There are 2 protein chains.
Amino acid sequence: MDHPARLDALRLRLAAERVECLLVTSLPNIFYLSGFTGSAGVLLVDEGRSVLFTDGRYALQAAEEVHGSRVVILRSGALKAAARRLGRYRCAGFEASADCRTWRQLREQAGACRLRLLENVVEQLRLVKDDDELERIRRSVALNSRAFQQTVKRIRPGLREVEVAAELEYHMRLLGAERPAFETVVAGGPRSAMPHARASARRLGENEVVVLDHGAILSNYASDMTRTVHLGAASRRARALFRVVLEAQQRAVAAVRAGAACSAVDRAAREYISRRGLGRYFTHSTGHGLGIEVHEIPRLARRDKTRLPAGAVITIEPGIYIPGMGGFRIEDVVVVRERGAEVLTTTPRALLEF
Amino acid sequence: MDHPARLDALRLRLAAERVECLLVTSLPNIFYLSGFTGSAGVLLVDEGRSVLFTDGRYALQAAEEVHGSRVVILRSGALKAAARRLGRYRCAGFEASADCRTWRQLREQAGACRLRLLENVVEQLRLVKDDDELERIRRSVALNSRAFQQTVKRIRPGLREVEVAAELEYHMRLLGAERPAFETVVAGGPRSAMPHARASARRLGENEVVVLDHGAILSNYASDMTRTVHLGAASRRARALFRVVLEAQQRAVAAVRAGAACSAVDRAAREYISRRGLGRYFTHSTGHGLGIEVHEIPRLARRDKTRLPAGAVITIEPGIYIPGMGGFRIEDVVVVRERGAEVLTTTPRALLEF
């Protein structure tokens, strides 16, 4: 990971924003800029230097992980120490994702320094992935697909949703994942109509649809995939609904290219579903950015006019949810390229019937 | 879960703080007050009503989970809709844990309503657990202990740290946990000297110390335990260090009772370790509150003068970390009672040698 290059890219942004430094409080941003994976620390980046403030629990870990930034270990109060440094500047930026408690402490400690709230300044840098990041995401996606394949062949009526989730997560871990990227969704029958249902103690039944949505964190990068399977032969109606989702998903993937608006990719899926009379059952956006976090900018939503840059990584995941009956969703991770999408998720999309 | 009683307790606090309502943005606080476990939503509580604003993805889930609050489903912009409601009040509270982006949106939408930042107002209510919460924590702790016992007997040199973590998490899941409460720590040999080392691909060696620190979320409540084991017979030095930690941990547990200051509990462990000449190797605080989140108020730290109330649930987890050699930590969950601590973690604390 080329941390000095990332810090330099940030410095250009800071100059454009007319702040002399940025106090980075978001942990994923701190990792991106410095390599530090601890859960407590702040990073202060100015024109010439970058300093990570953390505490004794992370002394060894920071020494091992951090490149391109100096590490300062404090007994406690890393934020306070960093905030006091701000007194040296006339105008400092801080992140809009910081909480109001942090902001109050900054105001108290920073003396005459003017504080400017900056929105997504590091997140914008993270939007376009470098080669090292693409390689990590690729491996995370491949691992996640393998965990799916190892688990799905054992799925059967009578298993509890949580048991399927446990299998998935166990395989992820054995394949090297640090952790699941989010709470694994295994939702059978009517529960599949809840897009974000966590796996429950409910047993999977005969003849029902099951939505599996899971991701892994590998080498600090996320993956995210959804497949819909059917226990027993699917009804004609279930197959028809599935086909609508699959076609919508493929149309959205086909709409991806550098320069396309997020809203245009969303529209490709949404219009198709709406024309089938199912628009009101597609209750979420078409996808989201993915990288160090499983949800990053941009959102592939109706009103997001952001133009996708080459090198962005996004999910494409339309769904249809019929209350009382069930839900259908298909999700892949794709890289935005000049002429289209590079689909990283290689698992077949067809409705598996067991 | 008696949500109406919790909302009423909050209303008393709001009256004392002289705000007409509170906009709750913290998800654990929203769950505590309403039962909602979704990952997007805000709750607006005033003298007479409580309203949860969320979006279409969570319509079914909110209908199933929420009691005592009205649910409003929006196409998008739950925060914006809630913020606009603030225009009806003269003075509204919002949470210090809210991010600055949220605060800015509130200011834009709330019209003439005065906004007051309130610190830990719901967290203070959550500090004292009710019977339902204690029962959930008890079950989470028992599950976590069982997962440890099922895993530890298979630990041996040659296994990778992540494989041990995968086993632990798999057992947690099969026993019914929703997820691990935090990234499982399995740290062998010199890595055990990092208190927050994540499990790595490193293979456990012969004759080394291994620290296992893990927790589960069960029925939305956390558990957290640490045990230190030794592969092969421990050296005299390792045993001596372990005994210091165990004695310090037991002294801190013995110092717990309703009315004791957090700093006094910390001191009971810290002074003992310091008197053995090891004070500089105990690089963190003695423990923390635990409940819906694995880290809650209070902190059992040197300077925290908070007096522990009966019904609070805390961890007691001193440790000693010798760079290059290894680390030792023991952690239990205890309930603060009038006359002492009720220790929920029943797993033996002795140094297991394999």
(message) With 10 angstrom as the radius, rank A:314, A:273, B:155 by how many other C-beta atoms surround their C-beta, starting from the fewest.
(response) B:155, A:273, A:314
(request) State to the nearest 20 debye the size of the charge dipole of segment B:64-190 about its Cα centre, where the only charges are +1 on K and R beta carbons and -1 on D and E beta carbons. (result) 620 debye
(request) Would you mind telling me the antiparallel percentage of the DSSP bridges in the protein assembly as shown, rounded to 5? (result) 75 percent
(message) Taking a ≥ b ≥ c as the square roots of the Cα gyration tensor eigenvalues, with a/c under 1.5 meaning rounded and otherwise prolate when a/b beats b/c, else oblate, which class fits segment A:3-125?
(response) oblate
(message) Between segment B:44-76 and segment B:148-181, what is the separation of their alpha carbon centroids in Å?
(response) 37 Å
(message) Using +1 at the C-beta of Lys and Arg and -1 at the C-beta of Asp and Glu, which of A:312, A:71, B:207 has the Cα lying farthest in the positive direction of the dipole of the protein assembly as shown?
(response) A:71
(request) Taking just the C-alpha trace of segment A:118-263, give me its Rg and Dmax in Å. (result) 17.1, 53
(request) Only Lys, Arg, Asp and Glu count, each charged at its Cβ (+1, +1, -1, -1), so figure out the dipole size of the protein assembly as shown about its Cα centre, rounded to 20 debye. (result) 820 debye
(message) How would A:276, A:70, B:57 line up from fewest to most surrounding beta-carbon atoms within 10 angstrom?
(response) A:70, A:276, B:57
(request) Taking a label point 7 Å out from Cα toward Cβ, give me the nm distances from residue A:303 to the same spot in the other copies, shortest first, one decimal. (result) 4.4
(message) To check you understand DSSP bridge types, tell me what percent of the beta bridges within segment B:131-353 (both residues inside) are antiparallel, rounded to 5.
(response) 95 percent
(request) Once you have a ≥ b ≥ c as the square roots of the Cα gyration tensor eigenvalues for the protein assembly as shown, tell me rounded if a/c is under 1.5, and otherwise prolate or oblate according to whether a/b is larger than b/c. (result) rounded
(request) Find the Rg to Rh ratio for segment A:86-156, where Rh is the Kirkwood radius over alpha-carbon pairs and Rg uses the same atoms. (result) 1.33
(request) Using only C-alpha atoms and all pairs of different ones, pull out the Kirkwood radius for chain A in Å with one decimal. (result) 21.7 Å
(message) As an exercise, find the ratio Rg/Rh for segment B:40-186 from alpha-carbon atoms, using the Kirkwood inverse-distance average for Rh.
(response) 1.12
(message) Run the count for the protein assembly as shown, please: Lys pairs, Cα-Cα under 26 angstrom, 8 or more apart or on different chains.
(response) 4
(request) Report, in degrees rounded to the nearest 10, the 0 to 90 angle that the Cα long axis of helix B:236-255 makes with the longest principal axis of chain B. (result) 40 degrees
(message) Between 0 and 90 degrees, rounded to the nearest ten: what's the tilt of helix B:262-275 against the longest Cα principal axis of chain B?
(response) 20 degrees
(request) Using only Cα atoms, find the angle between the long axis of helix B:161-174 and the longest principal axis of chain B, and express it within 0 to 90 degrees, rounded to the nearest 10. (result) 50 degrees
(message) Looking at the calculated P(r) for segment A:220-280, what percent of the C-alpha pair distances fall above 16 Å?
(response) 56 percent
(request) Going by C-beta contacts inside 10 Å, put B:17, B:208 in order with the fewest on the left. (result) B:17, B:208
(message) What is the distance in Å between the Cα centroid of segment A:208-282 and that of segment B:262-293?
(response) 51 Å
(message) Test of understanding: express the Cα radius of gyration of segment A:254-354 as a ratio to 2.2 N^0.38 Å, with N the residue count.
(response) 1.08
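Since every read-out is calculated from the coordinates, none of them should be taken as a lab result. None of these values were measured; they are calculated from a predicted model. Every residue, glycine among them, receives a Cβ derived from its backbone with ideal geometry; neighbour counts consider all protein chains shown.
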